[in-house]
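*Asks:* Below: one structure in structure tokens.
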Amino acid sequence: MVQKNRTMDLNSLFRKEVLALSAYKVADAQGLIKLDAMENPYHWPEDIKSSWLALLRDCPLNRYPDPEARPLVETIRRLNQLPAQFDVLLGNGSDEIILLLLMALNPGTSVLAPAPSFVMYKQISQSLGLNYQGIPLLAESFELDLPAMLAAIEQHRPALIFLAYPNNPTGNLFDEQSIREIIKITQGLVVIDEAYAPFADASFMNSLGQYDNLLVMRTLSKLGLAGLRLGYIVGQPAIIGELNKIRLPYNINSLTQLSADFALSHQALFDEQTQKICAERTRLLHELAQIDGLTVFVSAANFILFRTPENQATRIFEYIKQQGVLIKNISYQGGLLTDCLRVTVGKPDENAAFLSALKKSLVD
Ligand SMILES: *Cc1c(COP(=O)(O)O)cnc(C)c1O
């Protein structure tokens, strides 16, 4: 029986940082063209789907998964040509790896990232009571403000720095030399978050050997497997070993292990899809640049950030949604993102629907 005459005082049970947070909201996309979450719009051909299903048929769901996901790790090592001296840790999405990294830090220490950047860095840091510092990017170029970053490192001595490369939500690749300078000067760890690596012609994976505090993180989500939830991070065995202690033993389920390994062995399919997306990105950038009143930012990712005329972002976002296309309204984040919207590159017809709705929104 539920005890009635008692009021639970959650305020005294939960950390104040948790009570102060708002939950990460995901918009309802039902019935809409979904260009809000950087997903790959393409499915698999029928024959590949059939071989995948055949593989899943014999998956022993009554057994716990392989806690080390060995075959999958080997595939990831092979595809990235990772030298044996580095270790790999898998996460239930790279979000889980961000959580593990932050959970391992001393309470109260500082975490630093440029602002704006991926929202989970701040959300998780704050929920754990860490001192999160967002250092503003330069206006318009969204480039790292290197002197400000170096000063913040000096002042806050961060245990961890996140650099998304390309950055979300701005889409650009930060200057490589600036990143190297940050890695060299900090006493803490630097995580290069390469969630959008499939769409960018740049990576720090080959630089791992040059810095003992460097970690490179990737995810299969933006490549086309967002539903599977698989991310990974590569770095020195000493660092990965510590993270492994706080990882839950069966964090990668059997279906994900099998499916991810299967998918990665069809690299050519994903390369083809990625090329289509990159070609559409070029077209979309070009089309957006022709529209009066918009400022469009270059992108090395599978999404494009653009600025609408002053105080129009929410109206335009809602108008486009009325027309059946869901993009992301990030204008409410303020700062450098004031008046900004973000669109994921979709299939040609989806992008056409978006462009047509956007153009209409500006004349209506
Ligand atoms: C989407 C995204 C992630 C999260 O990826 P998951 O593997 O789906 O958790 C991490 N970092 C950046 C920069 C992202 O944009």
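*Asks:* Cross-link partners among aspartates and glutamates for Lys359, C-alpha distance below 20 Å, same-chain residues fewer than 8 apart left out?
*Replies:* Output for Lys359: Asp36, Glu280, Glu287, Asp292, Glu310, Glu318, Asp339, Asp349, Glu350.
*Asks:* Residue-wise, which Karplus ³J(HN,Hα) couplings in Hz belong to segment 314-331, taking 6.51 cos²θ - 1.76 cosθ + 1.60, θ = phi - 60°, and x for glycine or proline?
*Replies:* Values per residue, Gly and Pro as x: 5, 4, 5, 4, 5, 4, 4, 5, 4, 7, x, 10, 9, 10, 10, 8, 10, 5 Hz.
*Asks:* At what distance in angstrom do the alpha carbon centres of segment 178-252 and segment 253-305 lie from each other?
*Replies:* 20 Å
*Asks:* Rounded to the nearest 5, what % of the DSSP beta bridges within the chain are antiparallel ones?
*Replies:* 50 percent
*Asks:* Which ³J(HN,Hα) values, rounded to whole Hz and listed in residue order, are derived for segment 22-34 from phi using the Karplus coefficients 6.51, -1.76 and 1.60 in 6.51 cos²θ - 1.76 cosθ + 1.60 with θ = phi - 60°, glycine and proline given as x?
*Replies:* Karplus-based 3J(HN,Hα) across segment 22-34 equals 10, 5, 5, 9, 10, 5, 7, 9, 4, x, 10, 6, 9 Hz.
*Asks:* Past 26 Å, Cα to Cα, is the threshold; run Lys25/Lys276; Lys49/Lys347; Lys122/Lys328 against it and keep the listed order.
*Replies:* Pairs exceeding 26 Å: Lys25/Lys276.
*Asks:* Kindly provide the helix-only [θ] at 222 nm of the chain, computed as the sum of -39,500 (n - 2.57) over DSSP H runs of four or more divided by all residues, to the nearest 500 deg cm²/dmol?
*Replies:* It lands at -11500 deg cm²/dmol.
*Asks:* Could you list which residues have their amide H under 5 Å from that of Ala195, counting only those 5 or more apart in sequence or on another chain, with H placed in the peptide plane?
*Replies:* Tyr165
*Asks:* Tally Lys/Arg at +1 and Asp/Glu at -1 over every other residue whose Cβ is under 11 Å from the Cβ of Lys276; what's the total?
*Replies:* 0
*Asks:* In what sequence do Thr274, Thr295 fall when counting other Cβ within 10 Å, fewest first?
*Replies:* Listing Thr274, Thr295 from fewest to most nearby Cβ atoms yields Thr295, Thr274.
*Asks:* Still on this model: Quick check: from the Cα gyration tensor, does the chain come out rounded (a/c under 1.5), prolate or oblate?
*Replies:* rounded
*Asks:* May I ask you to evaluate 6.51 cos²θ - 1.76 cosθ + 1.60, the Karplus curve with θ = phi - 60°, for each residue of segment 187-194 and list the ³J(HN,Hα) values in order in whole Hz, giving x for glycine and proline?
*Replies:* Karplus values, whole Hz, x for Gly and Pro: 7, x, 7, 10, 9, 8, 8, 9.
*Asks:* At R0 = 35 Å, how high is the FRET efficiency between Arg283 and Val119 if r is their beta carbon distance? Nearest 0.05 is fine.
*Replies:* With a Förster radius of 35 Å, E is 0.80.
*Asks:* Give the long-range amide H neighbours of Val345: residues separated by 5 or more places, or on another chain, with amide H under 5 Å away, using H modelled in the peptide plane at 1.01 Å from N.
*Replies:* Phe303, Ile304
*Asks:* Sort Val191, Val296 so the one with the fewest other Cβ atoms within 10 Å of its own Cβ comes first.
*Replies:* So the ranking, lowest neighbour count to highest, is Val296, Val191.
*Asks:* Something else about it: Would you list Arg78, Arg247, Arg218 from fewest to most Cβ contacts within 10 Å?
*Replies:* Arg78, Arg247, Arg218
*Asks:* Please state the relative contact order of segment 15-135 as a whole percent: Cα pairs under 8 Å, 6+ residues apart?
*Replies:* This gives 27 percent for segment 15-135.
*Asks:* Another question, then. Give me the net charge for the shell around Gly129: Cβ to Cβ below 15 angstrom, other residues only, Lys and Arg +1, Asp and Glu -1.
*Replies:* That works out to +2.
*Asks:* In a shell of Cβ-Cβ distance under 14 Å around Tyr232, excluding Tyr232 itself, what net charge do Lys and Arg (+1) and Asp and Glu (-1) give?
*Replies:* Charge balance near Tyr232 sits at -1.
Read the figures in this text as sums done on the coordinates, not as results from a lab. From a predicted model like this one, the values you see are computed outputs, not experimental measurements. Because the Cβ atoms are built from the backbone with ideal geometry, glycine has one as well, and the counts that use them run over all protein chains shown.
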